[in-house]
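Derivation of every value follows stated rules applied to the coordinates shown; laboratory data play no part. As the structure is a prediction and not an experimental result, all values here were calculated from the model. Reconstructed Cβ throughout: ideal geometry from the backbone, glycine too, with neighbour counts over all protein chains shown.
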């Protein structure tokens with residue numbers, strides 16, 4: 001117990017940066033900003049029917065309220081992460097918050113569809129700057145393994161559960177106030193977070209990447225990601241065989257391949273390939289994106305099921321998601337945080353995805369007459385518990401061990417995998433559900449002789465479509481667990497080491513208790 005520190009331990013301790021005394025206050029404002037961004041993704045969906053009617057947006061154009069945001073956010077994330085590394089994360093974070101608040105004010109004051117679409121695109125632009133800056137601030141401020149586990153536990157719970165909270169808040173604001181408040185509500189969040197960040201956050205010195213901006217990389221990545229996200233959005237509305245849809249996928253493949261080739265050759269790449277070729281980080285990005293496909297399916301089809309089949313109001317639907325939020329909070333802040341410093345990340349992520357898959361499996365049993373308490377409640381608890389347990393180490397491992405100058409783009413890759421996963425999930429699962437519904441109705445409508453029987457067949461067809469898509473989501477979660485087991489081989493964090501390394505360490509093939517690079 002009284003053994004003096006070795007020379008190596010003394011050197012490690014001397015090299016470790018001093019902990020920021022305001023880091024926990026900073027976490028409050030970072031978490032507040034993250035909550036605002038995640039809330040916005042679902043809160044606007046609840047308000048969309050009212051906004052569409054008020055602004056005279058046609059059915060053909062209403063998708064652009066969601067698509068304009070998704071394209072700007074998904075397309076510019078890597079650029080936003082690189083700007084955070086160049087400017088400094090604090091500055092990018094504050095500018096992102098102020099811009100997001102201004103764009104939200106513009107959306108709330110919209111008088112026509114063009115103004116609304118522009119506001120949503122601007123929200124996406126500033127969100128793409130804000131989101132990676134927030135996550136990379138956590139990465140560089142929390143370097144102690146135990147504290148990092150707690151910080152990412154809180155962040156992971158908000159990232160996972162905030163979307164469900166958006167359903168509740170969106171329902172309350174739309175039903176009792178006005179759809180415009182689903183935009184205006186972002187303003188106090190953003191102002192509070194920006195002021196708090198300005199006065200509290202002290203970003204560690206020496207972590208910026210001051211290399212010249214990789215303009216070809218910016219253009220290729222932005223255009224490639226925009227084409228990919230738009231391709232999936234288009235597939236949902238116009239079909240997978242549509243010429244524009246196919247053209248978008250081809251263009252995306254060509255642009256992203258050119259991006260990879262460019263990044264391998266330029267001196268100061270937008271996305272250093274060392275960030276994604278590390279097997280642990282690559283495994284996290286891939287498994288998280290696939291798991292998000294399943295999560296989006298859950299939000300999408302459960303919302304339809306509860307409102308259309310069961311007749312729930314928007315507020316009741318929001319509160320029906322509460323067990324998932326509770327499960328995520330417990331999984332992230334209790335299970336994940338307590339075990340992350342004791343067991344390797346894969347032993348939390350893999351089982352977490354499998355527990356979520358069991359919850360999803362329960363939802364494949366949905367029928368028109370299914371009770372909330374017998375199927376949906378336990379399914380949501382398991383889904384939340386599993387995803388919360390998996391999200392927390394995933395968020396931490398995605399930025400652990402990167403060079404400080406790469407923290408922004410590494411954080412952007414987490415958001416990019418989630419954004420692309422969400423676009424794929426919405427389009428792919430909707431297609432599966434619609435196809436199964438059409439097939440079911442065609443097979444059964446002939447035996448329905450009265451109008452009530454025909455309506456029943458229509459509802460049964462919808463539920464049949466939902467459960468078919470949810471089966472696919474189960475497979476996605478199992479696949480995510482397999483990817484984690486195959487690629488993620490990092491040991492538990494070394495309790496004496498700092499969380500952000502130099503990037504020069506060699507990977508050890510043995511299961512040593514340090515994070516492999």
Among 313, 58, what is the fewest-to-most ranking by other Cβ atoms within 10 Å? 58, 313
Three-way shape label, the range 149-295, alpha-carbon gyration tensor, a/c 1.5: oblate
For the range 231-336, what class follows from the C-alpha gyration tensor (a ≥ b ≥ c being the square roots of its eigenvalues): rounded when a/c is under 1.5, otherwise prolate if a/b is larger than b/c, else oblate? oblate
Find the relative contact order for the chain and round it to a whole percent, using C-alpha pairs within less than 8 Å whose residues are 6+ positions apart. 22 percent
Within 10 Å of each residue's Cβ, count the other Cβ atoms and sort 27, 456 from fewest upward. 456, 27
In degrees rounded to 10, the 0-90 angle between helix 279-304 Cα long axis and the longest Cα principal axis of the chain is 30 degrees
Shape of the chain, Cα gyration tensor, a/c cut at 1.5: prolate
Mean residue ellipticity at 222 nm from the helices of the chain, using -39,500 (n - 2.57) per DSSP H segment of n ≥ 4 over the full residue count, to the nearest 500 deg cm²/dmol? -25000 deg cm²/dmol
Along Cα→Cβ, 7 Å out, is where each label goes; now give me the distance between the ones at residue 482 and residue 177 in nm to one decimal. 4.6 nm
Ranked 50, 435, criterion: other C-beta atoms within 10 Å, fewest first: 435, 50
Counting every C-alpha pair in the range 64-115, the percent lying more than 13 Å apart is 67 percent
